[in-house]
Amino acid sequence: MNVAVVGVGHLGQHHARLYAGMQGCRLVAVVDSDAMRGQEVADRHGVRALTDYRRLLDSEAGAIDAVSVAVPTEAHVEVAGAFLAAGIPVLVEKPIAPSLEEADRLIAVSRRSGAMLGVGHTERFNPAVEALAERAREPRFIEAHRLGSFAPRSLDIDVVLDLMIHDIDIVLSLVSSPIRSVEAVGVAALTPRIDIANARVAFASGCVANLTASRISASRTRKMRVFERDSYLSCDCAERSLEHYRLERAEGGQAAIVRKQVEIAPDEPLLRELAAFVRAAGGGAAFPVTGEAGRAALEVALSVVGRMREAPGEERH
């Protein structure tokens, strides 16, 4: 599989790094509008550097089997759409698009051409999250905290589309039930956009998810807790660890809490994601995070943003 990466900034450079060392594929080019940045990353891996993604379509037709798109969100439809229209499988970073209409356009192009569209919700490939999904049976309450310190990147989107959308996607993969209501509050503290947010998502099944995301916190936290009847799962996405607590009754009816530390593989989530993408692009197992899944996460994220803007006294952005 010949692959290319379009956009080699903070995240795209790691796509290039992992493709360059991955068996079963060959990194052939990187593209970035910043010529110096693109050349720097290309030199690390001994590949071509381009400043215009269209050169891959015009002069290299047939040479690219798959592409990662890690450009700013507002350019997803233009860039990813061009490759999909040419029949080339695309892994586009989250969020899939800045609006549902643009997400629908990408999905429609993928369906017309038959080219696979995957969305880079990397936490789905976190081995701790995968272990959580294998053990969660019927979540009743989910609590997630995704906190990070301020960094001058991804400021074209608010914290909901930047960070909380990871947990939204995980929750939607765990709860097979329609959403009944969404409540949310948010604050624009250090940037013109919302920097810290809390959302409460209620499902028809009775499950409730309480999600908090911040990009102005003092320390980094990536935790999710899933509560069920007689069971509690505590997942640390950053540490890639999972604890499973169960209520067990001994003979005579005496109850006790039993804690089990689940063994987790030390794999890099992004590596697992890219390997799954390459396999799917080559005709293997389907990629787990489809365009439709990316759209579903975006729809909830935009609903959260909308509820925050409706809150009394909140600034609109």
Scanning the stretch 78-106 residue by residue, those part of a helix (DSSP H, G or I) and of a type in the set (A, V, I, L, M, F, W, C) turn out to be V79, A80, A82, F83, L84, A85, L100, A103, L106
query: Can you find even one residue in the stretch 238-249 that is touching a residue at least 24 places away in the same chain (Cβ under 8 Å) and within 24 Å of V304 (Cα to Cα)?
result: no
Log entry, pairs with first residue in the stretch 74-97 being within 20 Å of L161 (Cα to Cα), second being at pLDDT below 95 and assigned to a loop (DSSP other than H, G, I, E, B), beta carbons closer than 6 Å, six or more apart or on different chains, reads E74/P98
Screening A75, A66, A82, A86 for residues that are surrounded by fewer than 24 Cβ atoms within 10 Å (Cβ to Cβ) and in contact with a strand residue (DSSP E or B) (Cβ under 9 Å, 6 or more places away or on another chain) leaves only A75
Taking the stretch 46-62 and the residues there that are at pLDDT 95 or above and buried (at least 18 other Cβ atoms within 10 Å of the Cβ), the one that is farthest from A86 (Cα to Cα) would be V47
Over the stretch 84-96, the set of residues under 12 Å from the mean Cα position of the chain (by Cα) and either over 15 Å from T73 (Cβ atoms) or not acidic (D, E) (or both) is L91, V92, K94, P95, I96
Among V119, V109, the single one that is more than 17 Å from C237 (Cβ to Cβ), modelled with pLDDT of 95 or more and more than 14 Å from the chain's Cα centre (by Cα) is V109
The condition of being under 18 Å from the mean Cα position of the chain (by Cα), closer than 12 Å to R307 by Cβ and in a strand (DSSP E or B) holds, among A197, A184, only for A197
Those residues of the stretch 17-33 which are more than 18 Å from L274 (Cα to Cα) and in contact with a helix residue (DSSP H, G or I) (Cβ under 9 Å, 6 or more places away or on another chain) amount to D32
Note: among T221, T290, just one is under 16 Å from the mean Cα position of the chain (by Cα) and polar (S, T, N, Q), namely T290
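The values are calculated or read from the model by the stated rules, or taken from the named source; none is laboratory data. As the structure is a computational prediction, the values presented were derived from the model and not from experiment. Positions of Cβ are generated from backbone atoms using ideal geometry, with glycine treated the same way; all protein chains shown enter the neighbour counts.
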